[in-house]
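Derivation of every value follows stated rules applied to the coordinates shown; laboratory data play no part. What you are looking at is a predicted structure, and each value in this text was computed from that prediction instead of being measured. Glycine gets a Cβ as well: all are built from the backbone with ideal geometry, and neighbour counts include every protein chain shown.
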Amino acid sequence: MTTQQRPPLDGDEKLARLALYLGLQTNAAAFHRVLRQTGRAVEAFDGRDLTVLGVNLRPLFSAGLFEEAQARLEEARQKGRRILFWEDEDYPARLDEIPDPPPVLWIQGTLEAEDQFAVSLVGSREASRPGLTAARRLAREGARMGLTIVSGLARGIDAQAHQGALEAGGRTLAVLGSGLDWVYPKENAGLYQEIARHGALISEFPPEVRPLPAHFPRRNRVVAGLGLAVVVVEAGQRSGALITARLALELNREVMALPGPAGAASARGAHGLIKSGAALVESMAEVLVEIKPRLLEGLAAPAPESLPALEPLAGEPPAESLDEEARPAASEPPRPARSRKTVRRPADPPENPKPSPDLTGLPPDGPEAQILAQLARGPRDADSLARALGLNPADLSLLMLNLELSGRVERLESGWFGLAAG
């Protein structure tokens, strides 16, 4: 699934990268800061004092990290899984374009060269029956055209996107908000196994990591990064699908939306995207028109009319809750194109700031704690934060992404930052 060949990483560097990632508690932003300082992961373990942005990381490194890393490589081999490393020759090249690409990916299934022609299809867990049917139809159309369908294996739109691709005999990639040892939600156990056989399950978390709310924004950035475009099918105003859409815009991906029932709460987010300039699409043929043709060179696209009609869905899935118990996984191995406008955001921040920052595990004098202290006074924009803290925009961007992915900070509809709701 690469668009260019990279020289392979040697075995020592792979082992050191996995050990470093584990030692940093799977913090991708910290991993990349270390590599920018040391050049290679093996250099992080050479006995020098290692300080990044004023924080000494040496205490995080234990003597047993290399042994743990070696054990995890062997565990993956025994379970028929693969561990991919950032900058290795088989690492998905499109993920290089996202901020702080996952340093390590656990894969169950296979990644293929044709997966570079992928569309990410996301939406509400509480979608209407027409929305669920539409997601399944779009995925079937895309798979028939040779596209790989990417989604997040959630209940609702995600599950129907994967199912539609499988029904058409196509490929689908599921990016998880947990490790590979967990199926979430638990009724997707059969779908989990089918995706592993006809695509891949992808996680940046070690296999035993349970699904937690803070993991899903990290999952969403990978969903956005793997696709040439993101198509939103029904999404509420606070839906995780809108996070995926925002990340896609920041990555210069095409963002499109399929409208839902008028007045339905589950469709307000998708309708907001359309009002802000996202292309309104109703078929995968229209999605292809919106995607730059050079990225889809050689892709066969049959006429949508040739696709068989879908049978109505038997029922509508219930709402998904992050408090629901996850289930351990089995160990089995054309409308004319229109220019996308810049999504408009209101200029004024919302009221009611959240006054209680979460400083757990952060150095009290570190830059992250200083950012949270600023946001405890009320939402702020990036420029004023950078000036107040004396940080350059690049460093602030990395810090904000890390705080956002850890669930401490959220980007508000205004484009400003605020403390995440507790």
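Remarks
- Euclidean distance of C-alpha centroids, the range 80-120 and the range 10-47, integer Å: 18 Å
- Ordering of 85-93, 363-371, 169-177 by burial proxy (mean other Cβ atoms within 10 Å per residue, highest first): 169-177, 85-93, 363-371
- P(r) weight above 20 Å for the range 64-135, C-alpha pairs, percent: 52 percent
- Taking the convex hull of Cα positions in the range 101-237, its mean projected area over all directions (nm²): 7.4 nm²
- Shape metrics for the range 211-254, restricted to C-alpha atoms - Rg then Dmax, Å: 10.1, 29
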